[in-house]
Each structure stands twice: as structure tokens, then as C-alpha cells.
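The values are calculated or read from the model by the stated rules, or taken from the named source; none is laboratory data. Every value quoted in this text rests on a predicted model; they were computed, and no experiment measured them. Cβ: placed from backbone, ideal geometry, glycine included. Neighbour counts: every protein chain shown. Note: areas computed on protein heavy atoms with side chains; ligands, DNA, RNA excluded. Shrake-Rupley method; radii C 1.70, N 1.55, O 1.52, S 1.80 Å.
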Amino acid sequence: MRILGIETSCDETAAAVVDDTGNGADAILGEIVRSQIDDHAPFGGIVPEIAARAHLEMIDSIIAETMRQADTDFSALDAVAATGGPGLIGGVIVGVMTAKAIAAARDIPFIAVNHLEAHALTARLVATAEAPLDFPYLVLLVSGGHTQLLIAEGVGRYQRLGTTIDDAVGEAFDKTAKMLGLDYPGGPMVEQLARDGDARRFALPRPMKGRAGCDFSFSGLKTAVRHALEALLADTAQTVPDKQAIADLCASFQQAAAEALIDRTRNAIGAFQLSHATALEGGGVLVVSGGVAANGALRQALEGLCAEAGMRLVAPPQRLCTDNGAMIAWAGIERMRLGLTDTLDFAPRPRWPLDPDAPKRAFAGAKA
Ligand code: KG4
Ligand code: ZN
């Protein structure tokens, strides 16, 4: 089975062709990700209108180039999949309309993919014959728009154990970076500067730590960074912090964010291992995905947590953790195998929670 996947829900215009006969990432025959970072950088964050226009401008040439790279003709496709939500609606509409047009012109099925499901299933795309990944498994999804803990029970079947009650963790990285005068997106810069910083210099909160359940909160941590910065500038009579202070703030923030994630994930592991005891081999698998999964300090802390819990940690390669077309094509393959295709009257969904039964939270499922 060979599927074209299209991703346009946030600030990457991406396409990929994936064939389900390949082993692990070999299944990806062609993939292009075009980041819009330069278009949004002057504004310090993503501007939805600019994003939608940039997707529209780029999508045709990106698909054509992806098909060339994959050496695939449209007549060789079994289906076309696109992110149907959640995400910035202007961008989602561009991807969905393009996919529908291809499906109609070629008379092949159209598949609307939930972007969160695609992140959760990426670990199965990179699984190999030697290291397979079966359901159920636990997922920590950490991106610029989402921070969630989910049990993946099967394709289309997720139990949400926790989500953020305010900001996503990637957003907290980005806002911290902005306060410190660093470029967008802030996560990679914060991580790099933190390497030369002293994480003990600033006492920052570990939001929700020690509380029952698996929900997250990051807006208080972001405010604490602002207060620490203001106090520092007042103490030193400076208008901008010196290089060492910036590094120390980055290190202190990163450690606080990682500890908060670890604490909530520990609770989720407890709940997962208890409810799925009979279905698990050993302690089971924890998958980490989303842009923040690229963070080395977080990965290291998760390795420690998994060793403690007897679990295997699966972290897809960085380029597949951030938004990409291969994860959409793969989710399309998983759905197509079960006969789960969509009709051309599918309406793009700005909100699309993976677990409709989970308690409502203000931001859950709202962004990509
Ligand atoms: O998954 P993604 O590419 O897009 C969304 O769906 O949001 O995630 C982007 C987020 C941004 O907030 C970015 O700052 C963060 O991932 N990020 C990182 C790192 N690399 C990217 N955060 C911390 N450390 C990193 N190395
Ligand atoms: Zn994403």
C-alpha cells in the first residue's frame, strides 16, 4: 500500500510518500518539510493568516517534488491522507482541499488524519521487524501546541490520562526564549544555552509536582521566569541580562520543565501499568513524540524514569518527532488497513480531541 500524506496544520508545509512494505523508516520513499520559521520570526510566534497563505503558495510544488523524490506517479497511489485537524484552520483547509482534489481526480480514497493520532503512531512507522511496537503503549506528546499523556489502545482508540490546563510545554520554552531576547522557536536555543548554565541559580516552581493525576500546567513556570528576570535586572541595574545569567535562566527553566514532565509521566506510568498489567510484556513501552521530544535533557530524564519503571523508551528520530508528512501518510496506512477512509464532504476540524470521553480542558486539542 502506498499513500501520499500532507501536513499543513501549523507552520510546516510537508508531504511524504510512504509504502507499507518498507522496514522502519525505509518505508518513507520521499519526504519534504518546508518550515515557515523565517516568515513568522519577525512576529515572535506563528501568525495564522501568514501560515495559511504560505501553505497555499507552497503546497503544489512540495507535493510535486515529493512525488518526484519518491519516483511515484499519482496512478501508483492507493490513497491520499491529509491532516484534518486539530490545528490552525486556514492551514488545515489548504491541506484537506488539496488532498480531496487529488482523491477526486484520481478516484482514490481520501483519509482525514487526526494530527495528534499521527504523532502517537509515528513510533509504529519507525518500528522494525527486529524491534516491533504493538498496542497498547503509553505516549507522552510534547509539542508547541500540546502536552498530553495518552494510552494508545489501537488505531482510533486512545485514552487521555492528562493534558495541560493552560500552556503547552513547547509554548513555555518559546515564551521563555522570547523574554530572554532569543529567536523563535525558542526550544533549541534554550537547550543550547542551558548547557553552559547553572540550573540551581534560580529557584523555579515544578508545576503540579506531587499532585495526583497526570495533568500539566506551565503558565506559572513562565511567570516565575519573568519574575526571576525582573528581580535580576533590578538587582544588577541592567536593562538586559548578561550572557551567564541568560544561560543560568535557560538551565533553571529547562530543569524545572523536565522535572514537571517527569513527575506527571511517573503518575501516568503507574496508572498504565495498573490498568494494563495483563496485556504488557515487562513494564511496557513509553513513546515520546512532538517537537520538545528533541530535548536531550528531557530524553535523558525519561531514560532514567523508564529504567526505574522497567519500561522501554521509544523516541522516534528528531525529524519525525516534529511536524512532517510521513507521520500523516503512515497514519493513513494504519487507517486504510482497517477500512477507515473518509468521504469528500469531510469538514476540517480546528478542535479534534483524540479521546472524546476525557474531561474537557480549556486548551486540549485546540492547536496542532
Ligand atoms: O511538534 P512541533 O514541531 O510543532 C507543533 O506541533 O507544535 O513542536 C514545536 C515545539 C516548539 O515549541 C519548539 O520550541 C519545541 O517544539 N522544541 C524544543 C526543542 N526543539 C523544538 N523544545 C525544547 N528543546 C528542544 N531541543
Ligand atoms: Zn505537531
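Apart from one condition, F272 fits all of (1) touching a Ser or Thr at 6+ places or on another chain (Cβ under 8 Å); (2) of a type in the set (F, W, Y); (3) away from ligand 1 (no atom under 12 Å from the Cβ); the exception is (1). Restricting attention to the range 22-38, does a residue exist that is small (G, A, S), closer than 23 Å to I93 by Cβ and touching a residue at least 24 places away in the same chain (Cβ under 8 Å)? The answer is yes, given that some residue of the range 22-38 is small (G, A, S), closer than 23 Å to I93 by Cβ and touching a residue at least 24 places away in the same chain (Cβ under 8 Å). The set of residues in the range 173-184 being open to solvent by 20 Å² or more (accessible area, probe 1.4 Å) and either under 17 Å from A297 (Cα atoms) or in contact with a strand residue (DSSP E or B) (Cβ under 7 Å, 6 or more places away or on another chain) (or both) consists of D174 alone. Counting only helices (runs of 4 or more DSSP H) that sit completely within the range 268-368, those holding 3 or more residues that are at pLDDT below 95 correspond to 318-321.
Only residues that are of a type in the set (K, R) and closer than 18 Å to P317 by Cα were counted in the range 1-47, giving 1.
Going through the range 45-65 one residue at a time, which ones are of a type in the set (V, I, T) and surrounded by fewer than 18 Cβ atoms within 10 Å (Cβ to Cβ)? Let's see the steps before the verdict.
The first filter runs over the range 45-65 and keeps only residues of a type in the set (V, I, T), leaving 46-47, 50, 59, 62-63.
Across the range 45-65, the qualifying residues are V47, I50.
Regarding E171, is this residue among the acidic types (D, E) and part of a loop (DSSP other than H, G, I, E, B)? Talk me through it step by step, then tell me what you get.
Details: among the acidic types (D, E): yes; part of a loop (DSSP other than H, G, I, E, B): no.
In short, no.
Return the only residue of G145, G197, G187 being buried (at least 19 other Cβ atoms within 10 Å of the Cβ) and more than 20 Å from the chain's Cα centre (by Cα). Walk me through how you get there before you give the answer.
Details: G145 fails: more than 20 Å from the chain's Cα centre (by Cα); G187 fails: more than 20 Å from the chain's Cα centre (by Cα).
That would be G197, the only listed residue that is buried (at least 19 other Cβ atoms within 10 Å of the Cβ) and more than 20 Å from the chain's Cα centre (by Cα).
Looking across V314, V288, one residue alone is buried (at least 17 other Cβ atoms within 10 Å of the Cβ), closer than 14 Å to A123 by Cβ and within 16 Å of ligand 2 (Cβ to nearest atom). It is V288.
Residues in the range 317-366 that are hydroxyl-bearing (S, T, Y) and surrounded by 22 or more Cβ atoms within 10 Å (Cβ to Cβ): T322 alone. Can you report the number of residues in the range 1-40 which are open to solvent by 30 Å² or more (accessible area, probe 1.4 Å), of a type in the set (S, T, Y) and in contact with a strand residue (DSSP E or B) (Cβ under 7 Å, 6 or more places away or on another chain)? Summing the residues that are open to solvent by 30 Å² or more (accessible area, probe 1.4 Å), of a type in the set (S, T, Y) and in contact with a strand residue (DSSP E or B) (Cβ under 7 Å, 6 or more places away or on another chain) in the range 1-40 gives 1. Of the set (1) more than 16 Å from ligand 1 (Cβ to nearest atom); (2) small (G, A, S); (3) in contact with a strand residue (DSSP E or B) (Cβ under 7 Å, 6 or more places away or on another chain); (4) open to solvent by less than 20 Å² (accessible area, probe 1.4 Å), all apply to G170 but (1).
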